[in-house]
1. Which residues, counting only those in the range 1-25, are outside any strand (DSSP E or B) and under 28 Å from the mean Cα position of the chain (by Cα)?
2. Which of the residues spanning the range 156-175 are surrounded by fewer than 23 Cβ atoms within 10 Å (Cβ to Cβ), outside any loop (DSSP other than H, G, I, E, B) and either more than 14 Å from the chain's Cα centre (by Cα) or β-branched (V, I, T) (or both)?
3. Taking the range 60-72 on its own, how many of its residues are more than 9 Å from the ligand (Cβ to nearest atom) and either under 17 Å from A95 (Cα atoms) or aliphatic (A, V, I, L, M) (or both)?
4. Among strands (runs of 3 or more DSSP E) lying entirely in the range 210-300, which contain 1 or more residues that are among the charged types (D, E, K, R) and farther than 19 Å from D131 by Cβ?
5. Among the numbered criteria (1) modelled with pLDDT under 95; (2) surrounded by 15 or more Cβ atoms within 10 Å (Cβ to Cβ); (3) of a type in the set (D, E), which single criterion is violated by E94?
6. Taking the range 122-155, which residues are surrounded by 18 or more Cβ atoms within 10 Å (Cβ to Cβ) and outside any helix (DSSP H, G or I)?
7. L28 fails exactly one of the following numbered conditions: (1) more than 25 Å from the chain's Cα centre (by Cα); (2) surrounded by 16 or more Cβ atoms within 10 Å (Cβ to Cβ); (3) more than 16 Å from the ligand (Cβ to nearest atom). What is the number of that condition?
8. Give me the residue from the range 101-124 that is in contact with a Gly (Cβ under 6 Å, 6 or more places away or on another chain) and more than 14 Å from P70 (Cα to Cα) and, out of that set, nearest to the ligand (Cβ to nearest atom).
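The values are calculated or read from the model by the stated rules, or taken from the named source; none is laboratory data. Being a predicted model, the structure only gives us computed values, none of them experimental. We place every Cβ from the backbone using ideal geometry, glycine too, and count neighbours over all the protein chains shown.
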Amino acid sequence: MSFELNKEQVKARFLDPADNFREKIFSLEVRHDPLTGWASLIYSGMGYPPMNKPYMEELRKGSDTCPFCPGNIEKATPRFPEDIISGGNIRVNEAVVLPNIRPYSQYSGVVLLSKSHFIGLDEFTPGLVTDAFTAAQSFARQVVKHDPKACNLSIGWNYMAPAGATLSHPHIQVNLGIYPVPAQKSVGDPSEKYYREHGTNFWEELIDKEKKLDERYVGTIGSTCFLVSFAPLSRLFDLLAVFPGKSCFLDLDNADLRDLSTGLIRAFKDLREHGFYSFNLAVRSAPDCSEHFFCHARIISRFTFLSPGTCDRSFMEVLDNQMFSRISPEEVCRSLKKYF
Ligand SMILES: [Zn+2]
């Protein structure tokens, strides 16, 4: 093993008004991601905040103005030019891939998961999610065939408003272009450096280490490995689904996509148990087959709390690049394991 998972303790002192102004020592833990160096502060035991709850009836209602609802897709959504996607769109059962009306890259697609305007976290099925990822993969393959230089792929899912979704209708975004997104470089470049310096794949070593430690290893479905991040990028929940031996999303087979979807459905159950209804997901994929990288998906919880709806990101996360977590990753793992 060529890396350590280090935890540092930091102590702060103050005079506590709740204890007659006696001196109190507050301990917090600092963790650095072993690959990227990103820092996370861990406040073990701070617990779940009183999260704002949405009006489910309102979310569930389809809308005449929702472009993704049946009847509106044909009228209100664009189609791909024939030379990029034959037939103008891609369909896999209920999943449909359409061009993003606000493109984020040269080839920017939106995958609708379902005809339903709203699907609760506890209502997704492995079939629906697998079809969406299969449709995303089909779109990516056709784009790369049309334009081999556009091989840098980013897949993202904003589920519900706290995660940045402007529409409740469930959808995934798939972007391809000449350049990788910065987060792909942030994990891809050090993975390559690690392989050059140590002659081994960081991700393979990470899986081995986490399995041995058995503190953040959630489980394996098929060949897909689920781990809670050592240094989380979220205040409460940060789960990785890693595909051993596969560096590019286009290399995943049907079983891999099914395993990912099955794991996500189990993770959704845990999120619901703790009162969440919103998350972000991103897939990190190398542009081609490589020895130094394993393709993976990362899912983090999102929420608002207090009144009138405090965001779960502050200057620390958005400007200082310093994350903090209200509970330990090990506690998150213990909860998730019930469903795996
Ligand atoms: Zn809709």
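1. Within the range 1-25, the first condition is being outside any strand (DSSP E or B), and the residues that meet it are 1-6, 17-21.
Across the range 1-25, the qualifying residues are M1, S2, F3, E4, L5, N6.
2. If the condition is that a residue be surrounded by fewer than 23 Cβ atoms within 10 Å (Cβ to Cβ), outside any loop (DSSP other than H, G, I, E, B) and either more than 14 Å from the chain's Cα centre (by Cα) or β-branched (V, I, T) (or both), then A161, N175 are the ones that fit.
3. Residues flagged as more than 9 Å from the ligand (Cβ to nearest atom) and either under 17 Å from A95 (Cα atoms) or aliphatic (A, V, I, L, M) (or both) within the range 60-72 amount to 1.
4. 238-242, 278-284
5. Going through (1) modelled with pLDDT under 95; (2) surrounded by 15 or more Cβ atoms within 10 Å (Cβ to Cβ); (3) of a type in the set (D, E) one by one, E94 breaks only (1).
6. F124, A150, C151, N152, L153, S154, I155
7. For L28, the failing item is (2).
8. Residues of the range 101-124 in contact with a Gly (Cβ under 6 Å, 6 or more places away or on another chain): 105-106, 117.
Filter again for more than 14 Å from P70 (Cα to Cα), leaving 105-106.
Numbers: S105: 24, Q106: 27 Å.
If we take residues in the range 101-124 being in contact with a Gly (Cβ under 6 Å, 6 or more places away or on another chain) and more than 14 Å from P70 (Cα to Cα), then S105 is nearest to the ligand (Cβ to nearest atom).
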